[in-house]
Amino acid sequence: MAELPASRADRLRAATQARVALGRVGQSLPTAPLLAFELAHARARDAVHTAFDPAAVIAGLGDMAAITVRSRADDRATYLQRPNLGRRVRAEDLAALRPDDAELAIVVADGLSATAVHAHAAAMILALRERLPGWRIAPIVLACQARVALGDEVGAALGVDAVVLLVGERPGLSAPDSLGAYVTWAPQVGRRDSERNCVSNIRPPHGLGYADAADEITRILTAARRLRLTGVALNGALLALPASDSGIPPVQLC
């Protein structure tokens with residue numbers, strides 16, 4: 001493949017974090033792009049293995065109450081090898097999760113990138129709280145060695161109508177700090193992924209900003225509370241509504 005003219009390559013590189021127009025030396029990459037690739041790979045691996053520090057998130061929550069729980073995965077190696085254990089709360093930690101007339105639970109899970117959670121979770125929670133004055137929010141739950149479905153058990157234990165779970169997403173070579181948000185109505189153990197809605201790639205300045213992400217999550221919650229469902233069923237219900245129905249703000253669902 002012919003190399004791109006320098007001016008066009010510069011424009012492409014300025015528009016994306018993807019690796020484009022790296023050049024070549026013989027059959028290989030130039031030294032600088034090769035070293036940059038290896039650095040990005042190391043950062044992605046570090047994101048997966050970095051230990052979650054709940055205190056770092058709690059420090060950014062101001063006056064919001066928080067509870068820390070653990071999944072049934074005892075350590076990181078077990079968590080990576082046994083995904084099922086990361087979906088359930090450790091039995092001895094369930095006692096800390098008691099119903100208190102809240103409607104919404106916000107759960108922070110380390111997932112596959114504690115780096116993302118440390119960087120973005122507290123700011124996302126504060127942005128969400130500003131937009132949800134009509135919701136009674138339970139104490140924030142911070143979950144170690146946790147996967148998305150753990151939010152279902154947390155929500156059921158707290159007796160809430162909906163759960164927003166913020167989780168560190170699988171790191172990519174240009175995005176080791178991407179945060180995802182999963183919204184589930186009527187959480188209970190055994191919910192399928194098709195029963196959730198996701199807002200992904202929360203990582204300003206290179207991904208979705210906190211305000212835009214919080215607006216989208218709020219729209220999903222508003223629609224979920226009115227229609228009492230989430231996931232593909234919510235997508236279908238919104239598509240079936242008359243175009244003149246303005247009771248629910250526009251929602252971009254995934």
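Determine whether the range 169-185 contains at least one residue that is over 15 Å from the mean Cα position of the chain (by Cα) and modelled with pLDDT of 95 or more. Talk me through it step by step, then tell me what you get.
First, the residues of the range 169-185 that are over 15 Å from the mean Cα position of the chain (by Cα): 173-174, 185.
Then drop every residue that is not modelled with pLDDT of 95 or more, which leaves 185.
Yes, the range 169-185 has at least one match.
Scanning the range 28-47 for residues that are more than 20 Å from residue 170 (Cα to Cα), exposed (fewer than 12 other Cβ atoms within 10 Å of the Cβ) and aliphatic (A, V, I, L, M) turns up 32, 35.
So, residue 25, is that one surrounded by 13 or more Cβ atoms within 10 Å (Cβ to Cβ), in contact with a helix residue (DSSP H, G or I) (Cβ under 9 Å, 6 or more places away or on another chain) and among the β-branched types (Val, Ile, Thr) or not? Considered against the rule, which asks whether it is surrounded by 13 or more Cβ atoms within 10 Å (Cβ to Cβ), in contact with a helix residue (DSSP H, G or I) (Cβ under 9 Å, 6 or more places away or on another chain) and among the β-branched types (Val, Ile, Thr), residue 25 comes out as no. When restricted to residues that are among the hydrophobic types (A, V, I, L, M, F, W, C) and within 14 Å of residue 18 (Cα to Cα), the range 166-184 contains 2.
In the range 29-58, the residues that are within 26 Å of residue 80 (Cα to Cα) and at pLDDT 90 or above reach residues that are in a helix (DSSP H, G or I) and of a type in the set (Val, Ile, Thr) with C-beta atoms within less than 7 angstrom, at least six apart or across chains, in these pairs: 52/117; 57/117. Taking (1) over 26 Å from residue 179 (Cα atoms); (2) free of Cβ contacts under 8 Å to residues at least 12 places away in the same chain in turn, residue 9 satisfies each apart from (2). Applying the set (1) surrounded by 13 or more Cβ atoms within 10 Å (Cβ to Cβ); (2) under 28 Å from residue 118 (Cα atoms); (3) more than 25 Å from the chain's Cα centre (by Cα) to residue 50 leaves exactly one unmet item: (3).
Of all residues in the range 53-84, those satisfying the criterion of being surrounded by fewer than 17 Cβ atoms within 10 Å (Cβ to Cβ) and farther than 28 Å from residue 133 by Cα are 53, 74, 75, 77, 78, 80, 81, 82, 83, 84.
The values are calculated or read from the model by the stated rules, or taken from the named source; none is laboratory data. Computed from a predicted model, the values in this text were never measured in an experiment. Quick reminder, even Gly has a Cβ in these numbers, built from the backbone with ideal geometry, and neighbours come from all protein chains shown.
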